[in-house]
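Notes for the one structure printed next.
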Amino acid sequence: MIKFVGKGVYGAVAIGKIAVFKRQTANADKVQISDTEAEKARLQVAKDMATEQLQYIYEKALAEVGEEEAAIFEVHMMMLEDEDFNDAINDMIDSEKVNAEYAVASARDQFAAQFASMDDSYFQARAADIKDISNRLLNCLGGGIGSAEATDDKVILCSDDLAPSETVSLDKSKVLAFATAFGSSNSHTAILARNMNIPAIIGLGEEFLVKISDGDMCCVDGYTGEVFVDPDEDTLARLTKKRDEDLEKKSKLKELIGKDNVTMDGTKIKVFCNIGGPKNIPEVKENDGGGIGLFRSEFLYLENSDYPSEEQQFEAYKNVLEAMEGKTVVIRTLDIGADKKVDYFKLDEEENPAMGLRAIRICLTRPKIFKTQLRALYRASVYGNLGIMFPMITSESEISEIMGFCDIVKAELDAEGIPYSPDIEHGIMIETPAAAVIADRLAPMVDFFSVGTNDLTQYTLACDRQNSKIEKFVDTHHEAVLRLIEMAAKAAHDNGKWIGICGELGADTTLTERFLRMGIDELSVSPPAVLKVRDAVRNIDLTK
Ligand code: PEP
Ligand code: MG
């Protein structure tokens with residue numbers, strides 16, 4: 001038995017066989033490009049990423065297995081910087097106007113062949129290294145999506161980390177748990193696990209992937225962050241008991257289905273659900289969600305190989321609104337960018353994508369995309385009770401500009417005789433410290449606020465939510481974040497508006513009482529967390 005310890009990001013226990021996530025190397029087909037400087041800049045970003053990965057592996061190997069074993073990763077870092085290798089790639093991009101992937105693959109083949117043909121066995125062995133670093137570089141250039149081994153059994157999916165574009169392509173009905181070498185608690189793998197009600201453990205370390213193989217028996221304890229590969233009899237029995245008790249406790253919560261979300265003193269709270277699309281509706285119903293507090297519309301874009309048409313979006317929004325039968329459905333306009341990458345948007349590589357061209361900033365710079373989505377939303381509004389929510393807001397001028405686009409779209413629909421609901425609510429996410437601090441100015445301009453604690457925490461604590469190395473600095477209960485939420489709640493209520501929380505903190509029942517005392521009106525959580533939150537709400541007495 002081998003035991004690994006990481007950080008559990010969803011409390012549940014799973015027992016099953018391992019499937020190691022297979023990532024295809026990037027497609028290195030030749031593509032003619034026109035902007036060679038942009039292509040070389042893209043290559044540089046990938047190179048920096050590869051160096052960072054190698055540095056991490058090197059330091060870990062040095063600490064755990066010693067200088068001699070770690071040295072190879074130092075060699076890889078040096079090879080990445082090799083002038084001849086880099087000149088070959090850059091010259092090819094310049095002279096032949098080809099994509100970086102093609103240039104890297106060509107240099108790999110040329111250099112590997114040269115090394116392999118040398119007499120000296122030391123240099124011959126370098127052929128494998130040049131292939132290794134080139135493939136790492138290709139993966140960093142974007143990589144294709146991988147897949148778990150095809151199998152009929154449910155599996156414990158193990159990976160370095162999973163990008164949102166990769167999680168959307170998974171057959172989730174086959175996944176029992178996630179276990180990743182890297183990752184962070186606010187990453188989308190963690191969010192996905194909570195949505196699926198399955199355990200997820202992140203930060204198990206590079207060595208984890210070296211020591212496991214497809215088909216290994218494994219126990220995952222999301223409460224303690226422990227992963228047992230090839231468990232001994234006692235561990236297997238103990239974890240089986242823990243899993244069964246956990247399932248029983250969760251099934252007891254089902255007794256709360258149909259009951260109100262009301263505190264002991266009679267305060268009513270809305271407990272809504274976060275979804276990624278119409279396919280999540282069955283889980284919302286199963287868990288008695290009172291509405292949709294966050295429909296992450298960007299998943300429609302992530303699942304598509306080209307911009308989803310107005311018609312395609314209209315169908316998805318209508319579908320959810322109809323299924324919710326008049327209950328509130330808050331659809332967030334696309335939140336692409338940062339970790340949610342979509343190739344066909346052709347966004348430039350950025351030094352700090354989380355602080356770059358993302359979410360509403362894309363919409364306001366690419367109005368055609370924004371207007372298409374707004375038209376689909378307005379048209380769908382007649383099928384239910386719609387709220388439209390805008391992400392990443394920092395200023396009043398952004399809201400004015402957004403409302404300007406809404407007016408244009410409404411005028412277009414009026415001219416075409418297409419109906420839309422007069423009762424649509426327009427709200428914003430409070431997920432930047434700027435928005436929280438000027439919430440008193442923003443509140444009069446909108447109908448509601450919803451706090452995105454995932455990004456609000458990232459920006460307030462200056463901790464990149466994707467960076468697993470800084471996990472220990474991420475205090476999700478940091479007083480600064482809580483005070484910003486409180487400021488936003490006060491501003492909302494002073495202006496007669498409602499405020500919810502749709503970030504992951506909304507499901508943290510150790511904070512439910514604090515949130516209710518701030519006056520939070522709605523908590524939007526992953527469907528499997530609804531009953532747990534209802535239970536917490538029903539045990540709070542706000543008069544005490
Ligand atoms: C958030 O930032 O808290 C949020 C709900 O949005 P996302 O996690 O999709 O960025
Ligand atoms: Mg966010």
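The values are calculated or read from the model by the stated rules, or taken from the named source; none is laboratory data. Values in this document were obtained by computation on a predicted structure and should not be read as measured data. Virtual Cβ from ideal backbone geometry, glycine too; neighbours counted across all protein chains shown. Ligands, DNA and RNA are stripped out before the accessible areas are found, and what is left, the full protein with its side chains, is counted by its heavy atoms. Shrake-Rupley method; radii C 1.70, N 1.55, O 1.52, S 1.80 Å.
For the reader, a short list of remarks on this structure follows.
- Over all pairs of different C-alpha atoms in the stretch 408-481, the reciprocal of the mean inverse distance, the Kirkwood hydrodynamic radius, equals 14.9 Å.
- Taking the Cα centre of the chain as origin and assigning +1 to Lys and Arg Cβ atoms and -1 to Asp and Glu Cβ atoms, the resulting dipole is close to 2380 debye.
- Over the C-alpha atoms of the stretch 442-498, the Rg to Rh ratio, Rh being the Kirkwood estimate, stands at 1.08.
- Semi-axis lengths, Å, the chain, gyration tensor of Cα atoms, sqrt of 5 times eigenvalues: 42, 31, 20
- For the residue pairs Lys3/Lys241; Lys490/Lys544; Lys211/Lys249, the alpha carbons lie more than 24 Å apart in Lys211/Lys249.
- Cα pair count fraction exceeding 12 Å, expressed as % - the stretch 346-398: 72
- With the gyration tensor restricted to C-alpha atoms of the stretch 36-140, the semi-axes of the equivalent ellipsoid amount to 25, 18, 9 Å, longest first.
- Dimensionless Rg ratio for the stretch 459-544, taking C-alpha atoms and the 2.2 N^0.38 Å reference: 1.17
- Rounded to the nearest 20 debye, dipole of the stretch 36-140 from Cβ charges on Lys, Arg, Asp, Glu: 440
- Cβ-defined net charge surrounding Lys97, 11 Å radius [Lys, Arg +1; Asp, Glu -1]: -3
- Across the stretch 36-140, the mean sequence separation of Cα contacts (distance under 8 Å, 6 or more residues apart), normalised by length, yields a relative contact order of 29 percent.
- Principal axis extents of the Cα atoms in the stretch 348-469, from largest to smallest and rounded to whole angstrom, are 54, 34, 25.
- Rolling a 1.4 Å probe over the protein heavy atoms of the chain, with every protein chain left in place, gives an accessible area that is 50 percent carbon and sulfur.
- Here Lys410 is the anchor, and the lysines within straight C-alpha reach of less than 28 Å, apart from those fewer than 8 places off in the same chain, are Lys318, Lys327, Lys368, Lys371, Lys497.
- Remark on the stretch 203-287: Rg and Dmax equal 19.0, 54 Å (Cα only).
- Take every Cα pair under 8 Å whose residues are at least 6 apart in sequence, average their separation, divide by the length of the chain, and the relative contact order is 16 percent.
- Accessible surface calculations at 1.4 Å, restricted to protein heavy atoms, place the chain at 44 Å² per residue.
- Around Leu321: net Lys/Arg minus Asp/Glu count, Cβ-Cβ under 14 Å: -2
- Between the stretch 194-236 and the stretch 341-373, the C-alpha centres lie 36 angstrom from each other.
- Helix-only mean residue ellipticity at 222 nm for the chain, each DSSP H run of n ≥ 4 adding -39500 (n - 2.57), per residue, nearest 500: -14500 deg cm²/dmol
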